[in-house]
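All remarks here apply to the structure that follows.
The values are calculated or read from the model by the stated rules, or taken from the named source; none is laboratory data. Remember, predicted model here, so these are calculated numbers, not experimental data. Methodologically, a virtual Cβ is constructed for each residue, glycine included, from the backbone with ideal geometry; neighbour enumeration extends over all protein chains shown. For accessibility, only protein heavy atoms count, side chains too; no ligands or nucleic acids. Shrake-Rupley method; radii C 1.70, N 1.55, O 1.52, S 1.80 Å.
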Protein chains: 2
Amino acid sequence: MKLDNLRSLLIEDLMDLYDAERQITEALPQMIKAASAPELKSSLEDHLKVTQRQHDRLEKVFKKLGVEAEGKPCDGMKGLLKEGQKVLGKQADPDVKDAAIIAAAQKVEHYEIAAYGTARTYAKMLGDMEAALLLEQTLDEEGQTDQRLTKLAEYHVNPKAASAA
Amino acid sequence: MKLDNLRSLLIEDLMDLYDAERQITEALPQMIKAASAPELKSSLEDHLKVTQRQHDRLEKVFKKLGVEAEGKPCDGMKGLLKEGQKVLGKQADPDVKDAAIIAAAQKVEHYEIAAYGTARTYAKMLGDMEAALLLEQTLDEEGQTDQRLTKLAEYHVNPKAASAA
(Lines give C-alpha, C1' and ligand atoms only; values in the text may rest on other atoms or scores of the structure.)
Protein backbone atom coordinates (compact mmCIF):
# COMPACT_ATOMS: atom_id res chain seq x y z
CA MET A 1 0.00 0.00 0.00
CA LYS A 2 1.30 3.46 -0.93
CA LEU A 3 1.27 5.80 2.07
CA ASP A 4 -0.08 8.87 0.32
CA ASN A 5 -2.19 10.16 3.20
CA LEU A 6 -2.78 9.76 6.94
CA ARG A 7 -5.76 7.50 6.33
CA SER A 8 -3.61 4.95 4.47
CA LEU A 9 -1.08 5.06 7.34
CA LEU A 10 -3.89 4.48 9.86
CA ILE A 11 -5.17 1.50 7.91
CA GLU A 12 -1.64 0.08 7.65
CA ASP A 13 -1.25 0.47 11.45
CA LEU A 14 -4.59 -1.24 12.09
CA MET A 15 -3.53 -4.17 9.89
CA ASP A 16 -0.38 -4.43 11.98
CA LEU A 17 -2.36 -4.36 15.24
CA TYR A 18 -4.90 -6.90 13.96
CA ASP A 19 -2.05 -9.35 13.35
CA ALA A 20 -0.36 -8.39 16.64
CA GLU A 21 -3.51 -9.21 18.65
CA ARG A 22 -3.74 -12.57 16.87
CA GLN A 23 -0.11 -13.33 17.69
CA ILE A 24 -0.66 -12.43 21.36
CA THR A 25 -3.74 -14.68 21.51
CA GLU A 26 -1.60 -17.55 20.24
CA ALA A 27 1.32 -16.83 22.60
CA LEU A 28 -0.56 -16.27 25.89
CA PRO A 29 -1.53 -19.93 26.54
CA GLN A 30 2.19 -20.88 26.63
CA MET A 31 2.89 -18.06 29.07
CA ILE A 32 -0.04 -19.13 31.27
CA LYS A 33 1.30 -22.72 31.27
CA ALA A 34 4.82 -21.58 32.18
CA ALA A 35 3.66 -19.29 35.04
CA SER A 36 3.72 -20.61 38.62
CA ALA A 37 2.01 -18.00 40.82
CA PRO A 38 -1.79 -18.53 40.72
CA GLU A 39 -2.28 -14.72 40.70
CA LEU A 40 -0.13 -14.45 37.58
CA LYS A 41 -1.87 -17.37 35.86
CA SER A 42 -5.31 -15.86 36.46
CA SER A 43 -4.15 -12.39 35.45
CA LEU A 44 -2.83 -13.74 32.13
CA GLU A 45 -6.05 -15.74 31.64
CA ASP A 46 -8.08 -12.53 32.05
CA HIS A 47 -5.69 -10.82 29.66
CA LEU A 48 -6.30 -13.51 27.03
CA LYS A 49 -10.04 -12.80 27.15
CA VAL A 50 -9.42 -9.04 26.89
CA THR A 51 -7.06 -9.58 23.93
CA GLN A 52 -9.70 -11.57 22.07
CA ARG A 53 -12.18 -8.75 22.67
CA GLN A 54 -9.63 -6.19 21.44
CA HIS A 55 -9.05 -8.25 18.29
CA ASP A 56 -12.81 -8.22 17.62
CA ARG A 57 -13.03 -4.50 18.44
CA LEU A 58 -10.52 -3.83 15.65
CA GLU A 59 -12.99 -5.42 13.22
CA LYS A 60 -15.47 -2.71 14.21
CA VAL A 61 -12.81 -0.03 13.56
CA PHE A 62 -12.10 -1.44 10.08
CA LYS A 63 -15.86 -1.44 9.43
CA LYS A 64 -16.19 2.22 10.50
CA LEU A 65 -13.40 3.07 8.04
CA GLY A 66 -15.16 1.11 5.30
CA VAL A 67 -12.33 -1.36 4.69
CA GLU A 68 -12.09 -5.09 5.10
CA ALA A 69 -10.49 -6.41 8.34
CA GLU A 70 -7.15 -7.82 7.30
CA GLY A 71 -3.84 -8.43 9.05
CA LYS A 72 -0.30 -7.99 7.77
CA PRO A 73 2.68 -9.64 9.50
CA CYS A 74 3.59 -7.49 12.51
CA ASP A 75 7.39 -7.79 12.81
CA GLY A 76 7.56 -5.82 16.04
CA MET A 77 5.21 -8.16 17.93
CA LYS A 78 6.93 -11.18 16.37
CA GLY A 79 10.26 -10.03 17.83
CA LEU A 80 8.78 -9.25 21.25
CA LEU A 81 7.11 -12.65 21.50
CA LYS A 82 10.25 -14.44 20.28
CA GLU A 83 12.15 -12.71 23.09
CA GLY A 84 9.48 -13.79 25.60
CA GLN A 85 9.45 -17.38 24.36
CA LYS A 86 13.21 -17.68 24.85
CA VAL A 87 12.69 -16.97 28.55
CA LEU A 88 9.93 -19.59 28.80
CA GLY A 89 12.32 -22.27 27.59
CA LYS A 90 15.08 -21.40 30.07
CA GLN A 91 16.03 -23.33 33.16
CA ALA A 92 14.92 -21.01 35.93
CA ASP A 93 13.75 -20.72 39.50
CA PRO A 94 9.89 -20.62 39.27
CA ASP A 95 9.62 -17.22 40.98
CA VAL A 96 12.34 -15.74 38.75
CA LYS A 97 10.59 -17.16 35.69
CA ASP A 98 7.34 -15.52 36.85
CA ALA A 99 9.17 -12.18 37.09
CA ALA A 100 10.53 -12.70 33.56
CA ILE A 101 7.06 -13.57 32.23
CA ILE A 102 5.66 -10.32 33.68
CA ALA A 103 8.53 -8.36 32.11
CA ALA A 104 7.85 -9.96 28.72
CA ALA A 105 4.11 -9.24 29.01
CA GLN A 106 4.82 -5.60 29.88
CA LYS A 107 6.96 -5.20 26.76
CA VAL A 108 3.96 -6.43 24.75
CA GLU A 109 1.67 -4.00 26.60
CA HIS A 110 3.98 -1.09 25.90
CA TYR A 111 4.06 -1.92 22.20
CA GLU A 112 0.28 -1.80 22.20
CA ILE A 113 0.16 1.42 24.24
CA ALA A 114 2.42 3.11 21.66
CA ALA A 115 0.58 1.67 18.66
CA TYR A 116 -3.00 2.25 19.86
CA GLY A 117 -2.07 5.73 21.07
CA THR A 118 -0.82 6.64 17.60
CA ALA A 119 -3.79 5.05 15.81
CA ARG A 120 -6.28 6.82 18.12
CA THR A 121 -4.59 10.17 17.41
CA TYR A 122 -4.67 9.59 13.63
CA ALA A 123 -8.38 8.65 13.73
CA LYS A 124 -9.13 11.80 15.75
CA MET A 125 -7.18 13.99 13.31
CA LEU A 126 -9.11 12.46 10.43
CA GLY A 127 -12.35 13.35 12.20
CA ASP A 128 -13.42 9.74 12.67
CA MET A 129 -14.50 10.05 16.29
CA GLU A 130 -16.24 6.67 16.50
CA ALA A 131 -13.09 4.85 15.39
CA ALA A 132 -11.00 7.04 17.74
CA LEU A 133 -13.24 6.15 20.69
CA LEU A 134 -13.00 2.41 20.00
CA LEU A 135 -9.21 2.67 19.80
CA GLU A 136 -9.10 4.72 22.99
CA GLN A 137 -11.12 2.05 24.79
CA THR A 138 -8.44 -0.52 23.97
CA LEU A 139 -5.68 1.96 24.83
CA ASP A 140 -7.20 2.43 28.30
CA GLU A 141 -7.43 -1.33 28.81
CA GLU A 142 -3.76 -1.76 27.86
CA GLY A 143 -2.77 0.89 30.38
CA GLN A 144 -4.80 -0.87 33.09
CA THR A 145 -3.24 -4.25 32.27
CA ASP A 146 0.24 -2.73 32.45
CA GLN A 147 -0.50 -1.23 35.88
CA ARG A 148 -1.98 -4.51 37.12
CA LEU A 149 1.16 -6.36 36.03
CA THR A 150 3.37 -3.78 37.78
CA LYS A 151 1.44 -4.30 41.05
CA LEU A 152 1.55 -8.07 40.68
CA ALA A 153 5.33 -7.86 40.19
CA GLU A 154 5.95 -5.45 43.05
CA TYR A 155 3.73 -7.07 45.69
CA HIS A 156 3.77 -10.77 44.79
CA VAL A 157 6.34 -11.95 42.30
CA ASN A 158 9.50 -9.81 42.64
CA PRO A 159 9.82 -10.17 46.44
CA LYS A 160 9.73 -13.96 46.06
CA ALA A 161 12.15 -13.82 43.10
CA ALA A 162 14.51 -11.58 45.11
CA SER A 163 14.74 -14.18 47.84
CA ALA A 164 15.53 -17.02 45.40
CA ALA A 165 18.86 -18.67 46.14
CA MET B 1 22.74 -18.44 31.63
CA LYS B 2 20.53 -20.22 34.15
CA LEU B 3 18.02 -17.86 35.73
CA ASP B 4 18.35 -19.07 39.31
CA ASN B 5 17.93 -15.68 40.98
CA LEU B 6 16.80 -12.11 40.32
CA ARG B 7 20.39 -10.96 39.88
CA SER B 8 20.90 -13.33 36.93
CA LEU B 9 17.63 -12.07 35.39
CA LEU B 10 18.78 -8.47 35.82
CA ILE B 11 22.11 -9.22 34.13
CA GLU B 12 20.30 -10.99 31.27
CA ASP B 13 18.03 -7.93 30.85
CA LEU B 14 21.02 -5.58 30.84
CA MET B 15 22.70 -7.69 28.12
CA ASP B 16 19.51 -7.36 26.10
CA LEU B 17 19.40 -3.59 26.58
CA TYR B 18 23.11 -3.20 25.78
CA ASP B 19 22.48 -4.84 22.40
CA ALA B 20 19.21 -2.91 21.93
CA GLU B 21 20.99 0.45 22.39
CA ARG B 22 23.64 -0.63 19.87
CA GLN B 23 20.93 -1.59 17.35
CA ILE B 24 19.17 1.77 17.84
CA THR B 25 22.47 3.63 17.30
CA GLU B 26 22.87 1.79 13.99
CA ALA B 27 19.26 2.36 12.88
CA LEU B 28 18.83 6.05 13.74
CA PRO B 29 21.01 7.49 10.92
CA GLN B 30 18.68 5.87 8.34
CA MET B 31 15.66 7.35 10.08
CA ILE B 32 17.31 10.79 10.17
CA LYS B 33 18.05 10.52 6.45
CA ALA B 34 14.46 9.51 5.63
CA ALA B 35 12.88 12.29 7.72
CA SER B 36 11.78 15.52 5.99
CA ALA B 37 10.75 17.99 8.73
CA PRO B 38 13.85 19.77 10.08
CA GLU B 39 12.37 19.59 13.62
CA LEU B 40 12.13 15.81 13.32
CA LYS B 41 15.64 15.48 11.87
CA SER B 42 17.16 17.49 14.71
CA SER B 43 15.09 15.69 17.34
CA LEU B 44 16.34 12.31 16.05
CA GLU B 45 19.92 13.64 15.91
CA ASP B 46 19.65 14.64 19.58
CA HIS B 47 18.20 11.23 20.32
CA LEU B 48 21.19 9.54 18.68
CA LYS B 49 23.55 11.36 21.04
CA VAL B 50 21.38 10.44 24.05
CA THR B 51 21.29 6.80 22.93
CA GLN B 52 25.09 6.66 22.72
CA ARG B 53 25.27 8.08 26.26
CA GLN B 54 22.74 5.50 27.47
CA HIS B 55 24.78 2.72 25.89
CA ASP B 56 27.86 3.95 27.78
CA ARG B 57 25.85 4.37 31.00
CA LEU B 58 24.97 0.67 30.83
CA GLU B 59 28.71 -0.08 30.99
CA LYS B 60 28.75 1.68 34.36
CA VAL B 61 25.81 -0.45 35.53
CA PHE B 62 27.62 -3.65 34.50
CA LYS B 63 30.68 -2.42 36.38
CA LYS B 64 28.65 -1.71 39.55
CA LEU B 65 27.35 -5.28 39.36
CA GLY B 66 30.89 -6.61 38.90
CA VAL B 67 30.26 -8.23 35.52
CA GLU B 68 31.69 -7.60 32.09
CA ALA B 69 29.64 -5.43 29.70
CA GLU B 70 28.34 -7.78 27.05
CA GLY B 71 25.36 -7.80 24.71
CA LYS B 72 23.15 -10.67 23.61
CA PRO B 73 20.94 -10.42 20.52
CA CYS B 74 17.80 -8.49 21.49
CA ASP B 75 15.02 -10.04 19.39
CA GLY B 76 12.41 -7.53 20.52
CA MET B 77 14.40 -4.52 19.30
CA LYS B 78 15.33 -6.37 16.10
CA GLY B 79 11.62 -6.82 15.31
CA LEU B 80 10.72 -3.24 16.16
CA LEU B 81 13.49 -1.84 13.95
CA LYS B 82 12.60 -4.23 11.11
CA GLU B 83 9.05 -2.88 11.28
CA GLY B 84 10.36 0.69 11.21
CA GLN B 85 12.71 0.02 8.30
CA LYS B 86 9.86 -1.35 6.20
CA VAL B 87 8.15 2.04 6.48
CA LEU B 88 11.33 3.89 5.46
CA GLY B 89 11.43 1.97 2.19
CA LYS B 90 7.81 2.70 1.27
CA GLN B 91 6.59 5.13 -1.35
CA ALA B 92 4.98 7.81 0.76
CA ASP B 93 4.03 11.44 1.03
CA PRO B 94 6.93 13.09 2.97
CA ASP B 95 4.67 14.34 5.79
CA VAL B 96 3.01 10.94 6.14
CA LYS B 97 6.43 9.28 6.21
CA ASP B 98 7.48 11.68 8.98
CA ALA B 99 4.39 10.64 10.97
CA ALA B 100 5.32 6.98 10.43
CA ILE B 101 8.92 7.59 11.53
CA ILE B 102 7.70 9.18 14.78
CA ALA B 103 5.36 6.22 15.38
CA ALA B 104 8.25 3.77 14.83
CA ALA B 105 10.51 5.76 17.17
CA GLN B 106 7.81 5.78 19.86
CA LYS B 107 7.52 1.98 19.70
CA VAL B 108 11.27 1.82 20.35
CA GLU B 109 10.90 4.29 23.25
CA HIS B 110 8.12 2.23 24.80
CA TYR B 111 10.22 -0.93 24.62
CA GLU B 112 12.94 0.89 26.51
CA ILE B 113 10.51 2.37 29.04
CA ALA B 114 9.23 -1.13 29.84
CA ALA B 115 12.71 -2.70 29.91
CA TYR B 116 14.51 0.01 31.91
CA GLY B 117 11.56 0.24 34.32
CA THR B 118 11.84 -3.47 35.06
CA ALA B 119 15.64 -3.42 35.35
CA ARG B 120 15.55 -0.41 37.69
CA THR B 121 13.01 -2.20 39.92
CA TYR B 122 15.13 -5.38 40.04
CA ALA B 123 18.28 -3.39 40.96
CA LYS B 124 16.34 -1.62 43.74
CA MET B 125 15.00 -4.91 45.12
CA LEU B 126 18.52 -6.31 45.12
CA GLY B 127 19.64 -3.29 47.17
CA ASP B 128 21.96 -1.98 44.45
CA MET B 129 20.89 1.64 44.67
CA GLU B 130 23.70 3.04 42.53
CA ALA B 131 22.79 0.76 39.62
CA ALA B 132 19.09 1.54 40.18
CA LEU B 133 19.77 5.27 40.01
CA LEU B 134 21.73 4.97 36.74
CA LEU B 135 18.91 2.92 35.22
CA GLU B 136 16.32 5.41 36.45
CA GLN B 137 18.26 8.24 34.81
CA THR B 138 17.92 6.51 31.44
CA LEU B 139 14.28 5.66 32.16
CA ASP B 140 13.53 9.36 32.75
CA GLU B 141 15.28 10.30 29.52
CA GLU B 142 13.23 7.75 27.56
CA GLY B 143 10.03 9.18 29.01
CA GLN B 144 11.11 12.70 28.02
CA THR B 145 11.97 11.59 24.47
CA ASP B 146 8.60 9.91 24.13
CA GLN B 147 6.79 13.08 25.25
CA ARG B 148 8.88 15.23 22.91
CA LEU B 149 7.98 12.95 20.00
CA THR B 150 4.29 13.14 20.92
CA LYS B 151 4.42 16.96 20.87
CA LEU B 152 6.34 16.99 17.59
CA ALA B 153 3.68 14.72 16.07
CA GLU B 154 0.71 16.65 17.44
CA TYR B 155 1.90 20.18 16.65
CA HIS B 156 4.08 19.78 13.56
CA VAL B 157 3.91 16.50 11.71
CA ASN B 158 0.40 15.04 12.03
CA PRO B 159 -1.46 18.22 10.99
CA LYS B 160 0.64 18.34 7.80
CA ALA B 161 0.18 14.61 7.23
CA ALA B 162 -3.60 14.96 7.75
CA SER B 163 -3.79 17.49 4.95
CA ALA B 164 -1.85 15.31 2.49
CA ALA B 165 -3.88 14.51 -0.60
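Worth a mention:
- Pairs linking a residue in region A:16-32 that is in a helix (DSSP H, G or I) to a residue that is crowded, with 17+ Cβ neighbours inside 10 Å and modelled with pLDDT under 95, with Cβ atoms under 9 Å and 6 or more positions apart or on different chains, are A:Gln30/A:Leu88; A:Met31/A:Leu88.
- The lone exception for B:Lys151 - which of (1) within 24 Å of B:Val67 (Cβ to Cβ); (2) of a type in the set (Lys, Arg); (3) under 18 Å from the mean Cα position of the chain (by Cα) it fails: (1)
- Taken over region B:78-96, the criterion of being under 15 Å from B:Gln23 (Cβ atoms) and either hydroxyl-bearing (Ser, Thr, Tyr) or at the interface with chain A (Cβ under 7 Å from one of its Cβ atoms) (or both) is satisfied by B:Lys78, B:Gly79, B:Leu80, B:Lys82, B:Glu83.
- Condition check for B:Lys64: open to solvent by 40 Å² or more (accessible area, probe 1.4 Å), more than 8 Å from every other protein chain (Cβ to nearest Cβ) and of a type in the set (D, E, K, R): yes
- Selection from region B:2-23 of residues that are at pLDDT below 95 and open to solvent by 30 Å² or more (accessible area, probe 1.4 Å): B:Lys2, B:Asp4
- Picking from residues in region A:71-91 that are farther than 19 Å from A:Gln106 by Cα and within 18 Å of the chain's Cα centre (by Cα), the one that is surrounded by the most Cβ atoms within 10 Å (Cβ to Cβ) is A:Gly71.
- Of the helices (runs of 4 or more DSSP H) contained entirely in region B:75-165, those carrying at least 2 residues that are aromatic (Phe, Trp, Tyr) and under 27 Å from A:Asn158 (Cα atoms) fall at B:94-125.
- In region A:97-117, the residues that are more than 9 Å from chain B (Cβ to nearest Cβ) and on the phi < 0 side of the Ramachandran plot reach residues that are of a type in the set (S, T, N, Q) and surrounded by 24 or more Cβ atoms within 10 Å (Cβ to Cβ) with C-beta atoms within less than 7 angstrom, at least six apart or across chains, in these pairs: A:Tyr116/A:Thr138.
- Count - residues of region A:125-165 that are in contact with a Leu (Cβ under 9 Å, 6 or more places away or on another chain), open to solvent by 50 Å² or more (accessible area, probe 1.4 Å) and under 21 Å from A:Ser8 (Cβ atoms): 2
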